[in-house]
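Here is the structure we will look at.
The values are calculated or read from the model by the stated rules, or taken from the named source; none is laboratory data. What you are looking at is a predicted structure, and each value in this text was computed from that prediction instead of being measured. A quick note on method: Cβ atoms are made from the backbone with ideal geometry, for glycine too, and the neighbour counts reach across all protein chains shown.
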Amino acid sequence: MTKPLTKDDYRADDVTVHRDPQRLTRVVKALRSAGRNIALVPTMGALHAGHRQLIREAQVMQNTVVVVSIFVNPLQFGPNEDLAKYPRQFEDDLGICREERVGLVFAPSVEDMYPDGSGGARVTVHPGPLGDELEGASRPGHFAGVLTVVSKLFNIVQPTYAVFGQKDYQQLQLIHRMARDLNFPLDVVGVPTVREHDGLALSSRNAYLTPEQRQQAVTLSAALTAGAHVSSQGADAVLKAAHGVLAQEPGIELDYLELRGTDLGPAPENGDARLLVAARVGSTRLIDNIAVLLGKGDE
Ligand code: PAF
């Protein structure tokens, strides 16, 4: 039977916030016994319209109770990354969960998730070779940190569905692979990127941009769109068009622009592919990606 709430787990109006992983596991088990499906939306907080979209996609799945996790996972940040300054706005996040009628929020502390400390020796999930490419090349250890925390969340929440954004496309592919390779009995659902009116992909890190950098940042999505527009002419044309747009904005420091297959293997000559970009705008690292259909055109 589910124990009553304590001071560590509390009800914020109609959203119940659980801090304790074991207690949440008991609560979701009771819900599953009552015939409900659990849909997990893992987040690091600083919720925005992109997260609202993930929540809404989770809600339309059959007979679900949505659990939003809010946890800034130290394991996925490198030593020179923005862990300390990563935006934390828990009360605003709860407000968004309330507006979106999320019933359960899981907001553990670092100690709850990593009782032995997040810096010492521990068992982690190895992402395989794809974890060292693209984002992984610039952020060593990042995907081991992501997959470790996501696997912990999967075990704690035991969801039927787990919902992630396509903006972090490599993360989504690795989570798909992890669920398959490690036999997690759940469906991983990818949700299309939500964009600002001018195309900029929504990201919690956009909050770091100055107004000038905000203008420069739109070049990333503009480059991807330019590439996608000429996709019928093949891979070289796609990359040339996208590079051409990026070259026009000196405020962008390109990390990579790559065309890959949808599984992030080599891009096919014809057919579905993914164009991915990462760049620094000032000190903020942004990523974006777009679907492209490669094919031989007549131009
Ligand atoms: O995409 C994110 O916000 C994070 O990488 C995730 C999946 C919540 C794991 O910490």
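Tabulated data for the structure shown
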| quantity | calculated |
| --- | --- |
| Top-ranked residue of region 156-176 - restricted to ones that are without any contact (Cβ under 8 Å) to a residue 60 or more places away in the chain and surrounded by fewer than 21 Cβ atoms within 10 Å (Cβ to Cβ), ranked as nearest to the ligand (Cβ to nearest atom) | 172 |
| Residue match in region 102-114 (condition: in contact with an Asp or Glu (Cβ under 9 Å, 6 or more places away or on another chain), closer than 21 Å to residue 28 by Cβ and within 13 Å of the ligand (Cβ to nearest atom)) | yes |
| Top-ranked residue in region 179-205 [being farther than 22 Å from residue 291 by Cβ and assigned to a helix (DSSP H, G or I); ranked as farthest from the chain's Cα centre (by Cα)] | 181 |
| Residue tally, condition hydroxyl-bearing (Ser, Thr, Tyr) and part of a helix (DSSP H, G or I), over region 99-158 | 3 |
| Residue pairs meeting the criteria (Cβ under 6 Å; at least 6 apart or on separate chains; first modelled with pLDDT of 95 or more, in region 128-153; second among the hydroxyl-bearing types (Ser, Thr, Tyr) and assigned to a loop (DSSP other than H, G, I, E, B)) | 144/124; 148/124 |
| Residue satisfying condition, being closer than 24 Å to residue 64 by Cβ and either modelled with pLDDT of 95 or more or surrounded by 19 or more Cβ atoms within 10 Å (Cβ to Cβ) (or both), within set 220, 209, 186, 224 | 186 |
| Any chance residue 117 is exposed (fewer than 15 other Cβ atoms within 10 Å of the Cβ), over 24 Å from residue 284 (Cβ atoms), out of contact with any Asp or Glu (no Cβ under 9 Å at 6 or more places or on another chain) and small (Gly, Ala, Ser) | no |
| Total residues in region 57-88, condition within 12 Å of the ligand (Cβ to nearest atom) and in contact with a strand residue (DSSP E or B) (Cβ under 8 Å, 6 or more places away or on another chain) | 4 |
| Any hit, region 43-56, residues being within 16 Å of the ligand (Cβ to nearest atom) and of a type in the set (Lys, Arg) | yes |
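This table checks each residue for (1) under 20 Å from residue 142 (Cβ atoms); (2) among the β-branched types (Val, Ile, Thr); (3) without any contact (Cβ under 8 Å) to a residue 24 or more places away in the chain; (4) surrounded by fewer than 18 Cβ atoms within 10 Å (Cβ to Cβ).
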residue: 14; (1), (2), (3), (4): no, no, no, yes
residue: 42; (1), (2), (3), (4): yes, no, no, no
residue: 47; (1), (2), (3), (4): no, no, no, no
residue: 64; (1), (2), (3), (4): no, yes, no, no
residue: 67; (1), (2), (3), (4): no, yes, no, no
residue: 71; (1), (2), (3), (4): yes, no, no, no
residue: 102; (1), (2), (3), (4): no, yes, no, no
residue: 108; (1), (2), (3), (4): no, no, no, no
